[in-house]
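Everything on this sheet refers to the single structure shown next.
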Amino acid sequence: MPDGTRLPLGKGNLEDNNRDPSVVGRVTWSPNLRYEIGLSVHRGRYNVYDRAGLAIDEKRSLKIAVLDFEADVGWARAAGELTSARVDVPTTLVGQYAEGQRGVYLEILRDFGRSLVTTMPASFFSVGIRIDAVDFDTDVAGDDIRQLTIGLNFRPTPDSVAKLGY
C-alpha cells in the first residue's frame, strides 16, 4: 500500500460509512458543440465519527473541486483539467498524510487519416501531446510528478480508442 493520502483508494465503497451523505455536483457551460467548460465538486464527511450514538472521532471532511474544458480549435482538439483536493487529516497524522493535493493536465490532439481504413469508414487517427502534473502533498516539496507524453491514437469509432504513447 502506498504511503500518504491516495484518494483513489477510497473508491469502491458501496454504502455510506457514516450516514452523512456527501454533496456532489457538476455544472457545464457549452456555448456551442465546439467548446465546453465544466466545474465539478465533492464535499462530505469521510470517516466514521460515531458508533451507536457515541462520539468516537471528530467529523472529518473531504473537499474536491475540478475545473475541466474541451475545445475544438479548428486544426486541433484540446482538453484539460485542474483538480484540487483538501482532506481534514487527524492532527496525529499530519505530515504522514497529505492535507492538500492538486493536479493538472493539458492535451492537444490533431486528427488525420479519416476513412483511411476502408473497412471502418468512421475510423481516424490522432497524434498528440499531453502534459501532466500531480502534487500529492501541497505542503511538502518534492512529492510531485510531472510527465510529458507524445502519442498516436487509432479510433475505429469516435467512442473507442487504441493508444500508443511515449
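Summary of values
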item	result
Number of positions in the stretch 109-136 that are in contact with a strand residue (DSSP E or B) (Cβ under 7 Å, 6 or more places away or on another chain), in contact (Cβ under 8 Å) with a residue 12 or more places away in the chain and part of a loop (DSSP other than H, G, I, E, B)	5
Members of the stretch 22-77 that are closer than 29 Å to G113 by Cβ and part of a strand (DSSP E or B)	S30, N32, Y35, E36, D68, F69, E70, A71, D72, R77
Residue satisfying all of: in the stretch 120-136; touching a Lys or Arg at 6+ places or on another chain (Cβ under 9 Å) and of a type in the set (D, E, K, R); surrounded by the most Cβ atoms within 10 Å (Cβ to Cβ) among these	D135
Qualifying residue in the stretch 92-108 (condition: free of Cβ contacts under 8 Å to residues at least 40 places away in the same chain, farther than 30 Å from L62 by Cβ and not aromatic (F, W, Y))	yes
Any hit, the stretch 49-63, residues being within 29 Å of L152 (Cα to Cα), surrounded by 13 or more Cβ atoms within 10 Å (Cβ to Cβ) and modelled with pLDDT of 90 or more	no
Any chance V89 is in contact (Cβ under 8 Å) with a residue 60 or more places away in the chain and either in contact with a strand residue (DSSP E or B) (Cβ under 8 Å, 6 or more places away or on another chain) or in a loop (DSSP other than H, G, I, E, B) (or both)	yes
The one condition in (1) touching a Ser or Thr at 6+ places or on another chain (Cβ under 8 Å); (2) open to solvent by less than 50 Å² (accessible area, probe 1.4 Å) that R102 fails to fulfil	(2)
Candidates V117, V87, V161 - the one that is loosely packed, with under 14 Cβ neighbours inside 10 Å and either touching a helix residue (DSSP H, G or I) at 6+ places or on another chain (Cβ under 7 Å) or β-branched (V, I, T) (or both)	V161
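The values are calculated or read from the model by the stated rules, or taken from the named source; none is laboratory data. Note that the structure is a prediction, hence the values are computed from the model and not measured. Neighbour counts run over all protein chains shown; Cβ positions are idealised from the backbone, glycine included. Remember, those area values only see protein heavy atoms, side chains included, never the ligands or the DNA or RNA. Shrake-Rupley method; radii C 1.70, N 1.55, O 1.52, S 1.80 Å.
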